[in-house]
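Read the structure below first, then the notes.
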Amino acid sequence: MNKPLFHHLALAALALTPLLGIGCASSMTVTRLAPAEVNLAGIKRIAITRIDGPDGETFATMVSQRILDSKRYEVVERAQMDKIAAEHRDALDAAFEQNQGVEIGKLLPAAALIAGQVNESKVDDRVSSHGDTCTRFDLGKLVRYPCTRYARSAKARFVTNVRVFDTNTSKVLVSRRLVAERKKETTAADGEPAPVDTDALLDQCRNEVADQFLKMIAPHPVQERVALEEDGALPELKQGNEYLKRGDPGTAAEFYARAVARADANPSFKPDVKGRAHYSFGLGKAMTGDYDTALAELRMAQTMKPEPSWMDLEMRVRAWKQDADKVSQQMRDAAPATAEQP
């Protein structure tokens, strides 16, 4: 069992919507922990050397705060970093351009450096118009009349290139181009459309890119939808689902196990009923981090009924197991960190 993922697995019934089928299936959203794209093994401190370009300072502050919130790394104070950068600008440039990590490692009290360039930080707000026929009620009658329709289209875009450099190995660990866009429209007839808060749109883009960056270097939550099964012959399934929605997968799995025991012991139950019990038990065990049992139950369910959604969950649970192993490894590799306030 992959305990680390279980401890970080939060279940959230953010939505409960019908799925296609015979009316005995629904779905819910679950949150699990995904591994970082790059395992910064042995690194305990991170310094942001500089983020050049428009909004570079704002974006650097966002990234710094997210690293602090992750509680995985120390963050070198910006004032200290700025002082070192001012005194050793040539050495910093050489480090990133020529991979002279050993030398720069002597200058900076950090094992990983972040540098980047904001290429775009802009908003576009335009109003267009065209002739049309509008309708209105006049003295209780629907009247058509010629009008002008206006549409305001606002678009924000934030693009940056970032690199993470390891001073221990003199290598660039990861280099990415991160992009985020947001759009919003307002319309009106015979008048100016309502304004759009373009500053808020751009801030959403900056935050999205900062989140993208954190996913590169730290385990992070991801959300997925999973199918829930019910059957009138097995009320334990509905009871288990209720516990699962409340974030108690352990108790949910207990109810699912009771459903399996009762279904398997009753020869009058049809294969699809037994399949729902085994599927649900597999889902419950997956949510507790017992992936081996979960996969066995999901395979059993499909021998009773080849349901596409059950096969889909089996494939995803295989991926969850691999991700859980990676997260566990990354947590073991991570050095204890006491964050400094920027």
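Every number here is computed from the coordinates shown, using simple stated rules; none is lab data. Owing to the predicted nature of the structure, the values given are computational and were not obtained by experimental measurement. In this analysis, Cβ positions are derived from the backbone assuming ideal geometry, glycine residues included, and neighbour counts consider all displayed protein chains.
What the table shows:
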| item | result |
| --- | --- |
| Ranked packing of 158-164, 280-286, 147-153, most packed first, by mean Cβ within 10 Å | 280-286, 158-164, 147-153 |
| Kirkwood hydrodynamic radius of region 174-233, Cα pairs, Å | 15.8 Å |
| Pairwise centroid distance, computed over Cα atoms, of region 186-261 with region 20-73, Å | 17 Å |
| Packing rank of 139-146, 316-323, 190-197, 297-304, where each peptide gets the mean count of other beta carbons within 10 Å, highest leading | 297-304, 316-323, 190-197, 139-146 |
| Equivalent ellipsoid semi-axes - Cα gyration tensor, region 128-176, angstrom | 61, 10, 5 |
| Tail weight of P(r) past 21 Å, computed on alpha-carbon pairs of region 208-289, percent | 38 percent |
| Measure of compaction for region 179-322 (Cα Rg per 2.2 N^0.38 Å) | 1.51 |
| Ordering of 173-185, 120-132 by packing [mean C-beta count within 10 Å, highest first] | 173-185, 120-132 |
